[in-house]
Every structure is written in structure tokens, then in C-alpha cells.
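Values in this text are rule-based calculations from the coordinates and carry no lab data. Source: prediction; values computed, not measured. Virtual Cβ from ideal backbone geometry, glycine too; neighbours counted across all protein chains shown.
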Amino acid sequence: MGFLMAKSSDVSVRAATADTEHIQYRAPMKFGGRVVSDVVLLNVTVDVETRDGRRGRGFGSMSMGNCWAWPSRQVPAEKTLAAMIDFGR
């Protein structure tokens, strides 16, 4: 079992925020046997700091494709979407 040497470029997360953005499509889209007319994006911003004090900010965004990623006849789409957003946050 070894140990890791600390580098000045190692980062620590100082802050992270997540929010959602609702986008309505101009026309319904069919993919994978499902038809959707909108999407919810999970947007995340992360602030980091290196060991030597340099700071940076990054942004990422991912669509919450619950209709394709978590299709269910028993659980309503609103609930699978909410679960995916909760997990992402």
C-alpha cells in the first residue's frame, strides 16, 4: 500500500451549487420509443482551490432524461424526474 504525494495542482472543492432549467422543445421528439416535449437541465457550478491558493470555477450541465433512463409504467414521470434531480443535487 503506497501513499500519494500532494501536488500544488491538487484541488479542494470550496463551493458547489446546483439549479434546474426547464426547456420546452419547439416540437415533440421521439427517441427510444418515448415522446417528450421538454427537458429539465441540471446545471452545476463548482468553485475549487489548489493547495497553493489558486482558484477556479467550473460549470457543467446535463439533461435529466428520466423518460429514457428510467422508464416505468408504475412510477409517474414526475416522480422519476424529481428523484434524478434530487440525486444530482
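This table checks each residue for (1) free of Cβ contacts under 8 Å to residues at least 60 places away in the same chain; (2) outside any loop (DSSP other than H, G, I, E, B); (3) surrounded by fewer than 12 Cβ atoms within 10 Å (Cβ to Cβ).
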| site | (1), (2), (3) |
| --- | --- |
| R26 | yes, yes, yes |
| M29 | yes, yes, no |
| L41 | yes, yes, no |
| G53 | yes, no, yes |
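The residue pairs whose first member lies in segment 67-86 and is over 21 Å from P28 (Cβ atoms), whose second member is surrounded by 15 or more Cβ atoms within 10 Å (Cβ to Cβ) and aliphatic (A, V, I, L, M), and whose beta carbons are closer than 8 Å, counting only pairs six or more residues apart or on different chains, are I85/V40; I85/L42; I85/M64. The residues listed here are S72, S37; of these, the one that is in contact with a Pro (Cβ under 8 Å, 6 or more places away or on another chain) and surrounded by fewer than 13 Cβ atoms within 10 Å (Cβ to Cβ) is S37.
The numbered conditions (1) in a helix (DSSP H, G or I); (2) surrounded by 10 or more Cβ atoms within 10 Å (Cβ to Cβ) are all true for E78 except (2).
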